[in-house]
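Notes for the one structure printed next.
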Amino acid sequence: MPDGWWSIIVLPFISAVIGWITNLLAITMLFRPRTPRRILWWTLWGLLPRRQAELARSIAAVVSDELLSQRDVAEFLKQSAAHKHLRTVLQERLDAVLEEKLGALLPIIIRYLSSDFHSKIKEAIGEVVDPVISWFITKAAENFEEVVDFRAIVEEKVNTFDLADLERLVRQVAGRELRSIEYFGGVLGFLIGWVQVLVLALSR
């Protein structure tokens, strides 16, 4: 048995505090120090600040290669509301051009040729417009992909992301889990303390 009952009580609690502080420091050192700090022979630097450039490259590679390819952008534009919106805008513009160019002759043309001449023109234009818009959006997406480097943009954004904001974001999203890790360190330390008490008791 350890010397005195105080050892039975104190040793597990000391171990619990050590376990809690260890996990607290481990979580803190994910984010801090944000700049290298030299202490004797060791250089202390938070994991995320130290690896921010590598993290930026990895995220950029995943986004550009897996999440947002050239074909995905083109298909998204063609299947989204952008196609319908562009068709409406182009149709309205063509109507305006017809009215502007024909001017006062348009009502006369409609009156003498056919009552639904104007609507037939719009339908014919619509049949031509749809494939043109699809071709235009596809080409625009392909050219945009060639001109704009998604990987470089994402990498730059992540690389310049403020580390204080990153820490605040992670703690806001995963704060409960991080605290659980801290508490688990205390619980584990407490159990290890009791194991030490038993070992000391059996060794006497």
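Any read-out appearing in this document is the output of simple, stated calculations on the displayed coordinates, not a laboratory observation. Note that the structure is a prediction, hence the values are computed from the model and not measured. With ideal geometry, Cβ positions are generated from the backbone for all residues, glycine too; neighbour counts draw on all protein chains shown.
Could you derive backbone 3J(HN,Hα) for the stretch 57-66 from the dihedral phi with the Karplus parameters 6.51, -1.76 and 1.60 (θ = phi - 60°), listing whole Hz in sequence and x where the residue is Gly or Pro?
5, 5, 5, 4, 5, 5, 5, 6, 8, 10
Ranked highest first by the average count of other Cβ atoms within 10 Å around their residues, in what order do 165-175, 33-43, 58-68 fall?
On the way: 165-175: 12.6, 33-43: 10.1, 58-68: 14.5.
Descending mean neighbour count gives 58-68, 165-175, 33-43.
Give me the net charge of residue 60's neighbourhood, meaning all other residues with Cβ under 12 Å from the Cβ of residue 60; Lys, Arg count +1, Asp, Glu -1.
Charge balance in the 12 Å sphere: -3.
Can you work out the FRET efficiency for the pair residue 179 and residue 35, with r the C-beta to C-beta distance and R0 = 22 Å, to the nearest 0.05?
Plugging the Cβ-Cβ distance into 1/(1 + (r/R0)^6) gives 0.25.
Under a crude label model (7 Å from the Cα following the beta-carbon direction), how far is residue 17 from residue 157 in nanometres?
Those two pseudo-labels are separated by 4.7 nm.
Tell me, what is the FRET efficiency for residue 127 and residue 68 to the nearest 0.05, using R0 = 35 angstrom and their Cβ-Cβ distance as r?
Once the sixth-power term is evaluated, E becomes 0.65.
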